[in-house]
Amino acid sequence: MKPRDRIRHVMDLAGNPPDKIPYDGLIPWRSDIFTMLQKTPSSWQPPEDIYPNVPLPFIKLKIYKWKPRWDVPRKWQELRRVAMDEWGCYWNYTGNDPTKGHPGKPAFDTWDDLESWNPPDGSDPARYQFFGKASRLFPRKYKVAMLDSFLFSRCQYLRGFTQILIDFHRHANKVHELIARIVPFYIDAIDAWMKYGPDAVFCMDDMGTQTGLFMSPSLYDKFFKEPFRQIVDHAREKGLKFVLHSCGKVNELVDTWLDIGVDAFQFDGPHQTGIEEMAKYAGKVCFWDVPDIQRVYPIAAPGEIEREVKFMIDHLATEHGGLILRDYLGARSVLNVPKENIKAYRRAVKKHGKYPLDS
């Protein structure tokens, strides 16, 4: 079975089962999936004395062409530094940081700045061409197009985490206005990706702590439910599946997201939501999960990795599909996952992920 067909079977949650549980290894030759990343167009350049918040490999490979107008220090990648993204948000780096940085100064300190602020152009073809064209080298793969940071995440980067939570209560009209200003970016991104034949779109919106949500479900509904639905409906009109990544104990939002129309949940920390708790949704939504990156993947013994994979399959997969097992690309540099665990994970997926599933 072709990888693309395999995942379509799994995502549809009906009909004949696939031949095996799909594996998202993030690297195309180890994966059933090709992920099409957005890139910042080189037409955008940060202000003088500010570094661009762009993945370092993009700069090194000249996928993004940075044209600094100042004397950049040698080995600047190893320095503590402040960077800016094209939305105007600042990011702090702690030297040779393998992450995307940590949110710093918001794009605007007062709501007066919203008047003169504009989001990036989501329709710019330069944002999509590199990975869109690269995807044509892998015609058998299931193509997932990234929408990147989503509604709440982008709001908190623009205003600051604590401040946006205050704004929900003190400046509700301004928050609604901000969300309305950024929704077209995602609509335009979906339209632009269609040139490259995606099967699904993928967004990231971390909504919880280890123990609960950042906000009440009613507050989430007030600000985000209908804008989210607008974007999902647009994706559906284009024939695309919608995949949501979120971290934290987000159980109280799962029914809301299902009502909106999310097709798959991607959890890096499935122990936060609880695998057994999520089992009640098996067959209703697809899970696109990693062995828990806090409690399992980096610290378990190889034998425990195999048991974890079997546990995930037993609780989240159905006879029709419903589960994709994903690796964590930053595992070695960020989590220091032992090589033995990475190999054990791949072996376990191969051993236990065949249909019909083990009883």
Report the antiparallel proportion of the DSSP beta bridges in the chain as a percent, rounded to a multiple of 5.
25
Distance between Cα centroids, the stretch 38-63 to the stretch 152-227: provide it in whole Å.
24
Normalised by the residues of the stretch 15-144, what does the relative contact order come to in percent, with Cα pairs under 8 Å and at least six apart?
28
Sort out for me the Cα centre separation of the stretch 231-298 from the stretch 305-359, rounded to whole Å.
16
If you take every residue apart from Pro3 with its C-beta less than 12 Å away from the C-beta of Pro3, what net charge results, scoring Lys and Arg +1 and Asp and Glu -1?
+4
Over the chain, what is the relative contact order in whole percent, taking alpha-carbon pairs under 8 Å and six or more residues apart?
19
Charge sum, other residues only, whose C-beta stays under 13 Å from Arg154's C-beta, Lys/Arg counted +1 and Asp/Glu -1:
-3
Using the charge dipole of the chain (Lys, Arg: +1 at Cβ; Asp, Glu: -1 at Cβ; taken about the Cα centre), state which of Pro68, Ala279, Asn173 has its Cα farthest towards the positive end.
Pro68
Could you work out the helix-only [θ] at 222 nm for the chain, with each DSSP H run of four or more residues adding -39,500 (n - 2.57) and the total divided by the number of residues, to the nearest 500 deg cm²/dmol?
-10000 deg cm²/dmol
On the first, second and third principal axes, largest extent first, how far apart are the outermost C-alpha atoms of the stretch 272-358 in Å?
35, 26, 19
What trypsin sites (Lys or Arg not before Pro) does the stretch 46-76 have in DSSP loop regions with at most 14 other beta carbons within 10 Å?
Lys62, Lys65, Arg69, Arg74, Lys75
Per DSSP, loop chymotrypsin sites (Phe, Trp or Tyr not before Pro) in the stretch 58-116 with at most 14 further Cβ within 10 Å
Trp70
Only Cα pairs under 8 Å and at least 6 apart count here; give the relative contact order of the stretch 252-294 as a rounded whole percent.
52
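So how strong a dipole does the chain carry about its Cα centre when Lys and Arg Cβ are +1 and Asp and Glu Cβ are -1, to the nearest 20 debye?
The calculation lands at about 1620 debye.
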Would you mind checking the pairs Lys20/Lys238; Lys143/Lys351; Lys2/Lys351; Lys141/Lys350; Lys222/Lys280 and listing those with alpha carbons more than 23 angstrom apart?
Lys20/Lys238; Lys143/Lys351; Lys222/Lys280
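A short reminder: the numbers here are calculations on the coordinates, not readings from a lab. Keep in mind the model is a prediction, meaning the values are calculated, not measured. Heads up, the Cβs are rebuilt from the backbone with ideal geometry, glycines too, and the neighbour counts pull from every protein chain shown.
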